[in-house]
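Inspection log for the structure reproduced underneath, given as structure tokens.
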Amino acid sequence: MKLIRLILALLSVSALFSFTYSDKGQQKLEIKDIVLTNADVVWANNQWKGITLQDLKSGQDVFNNRCHKCHGLKNPHKFTTEKLQKVIPKMAIRAKLDKQQEDLVLKFMLTVGRPNA
Ligand code: HEC
């Protein structure tokens, strides 16, 4: 009897583990939930001296709030630097951004979309 109880206990523990594990495997990071890191700030500072985490976050806010109305949020990883530099000014007009918002969105997208980021 003890052995059976032990086996049942082990089975339920392993079921719990595999449930937790597969649940984690299904979590997807959505584009709106990109988490800015220190590495992002360091990289950005090499491109644009003096840019802060707050600047990148402001760019992300504009991106999250203003860039999903006509199409879903575009994945910054899917576009080259050249492409973004060409497209974002056009999108800024469409999204009615001011120059500063446009600048911050572009820098945010270039930073999080850089190769190996
Ligand atoms: C008023 C509508 C509108 C808004 C607002 C808008 N877009 Fe677009 N966007 C479009 C259309 C139309 C296209 C072209 C069709 C497509 O690729 O979905 C496009 C395409 C794009 C592309 C892909 C270009 C390509 O050739 O594949 C990117 C990247 C993009 N938008 C980013 C943004 C960003 C970033 C913002 C916010 C600053 C934004 N869009 C806001 C309408 C909009």
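Using 1/(1 + (r/R0)^6) with R0 = 35 angstrom and r between the beta carbons of residue 33 and residue 5, what's the FRET efficiency to the nearest 0.05? Working shown, then result.
Working: r = 43 Å, r/R0 = 1.24.
Using R0 = 35 Å, I get an efficiency of 0.20.
Across the stretch 76-91, computed HN-Hα scalar couplings (Karplus, 6.51 cos²θ - 1.76 cosθ + 1.60, θ = phi - 60°) run x, 5, 8, 10, 6, 4, 4, 4, 5, 5, 7, 7, 4, x, 5, 5 Hz from first to last residue, x flagging Gly and Pro.
For the set 57/90; 57/86; 49/107, the pairs lying more than 20 angstrom apart at their alpha carbons are 57/90; 57/86. Phi angles across the stretch 45-53 convert, under the Karplus curve 6.51 cos²θ - 1.76 cosθ + 1.60 with θ = phi - 60°, into 3J(HN,Hα) values of 5, 6, 8, 10, 4, x, 5, 10, 4 Hz, Gly and Pro given as x.
A short reminder: the numbers here are calculations on the coordinates, not readings from a lab. This is a predicted model, so every value here is computed, not measured. As a convention, Cβ positions derive from the backbone with ideal geometry for all residues, glycine included, and neighbour counts pool all protein chains shown.
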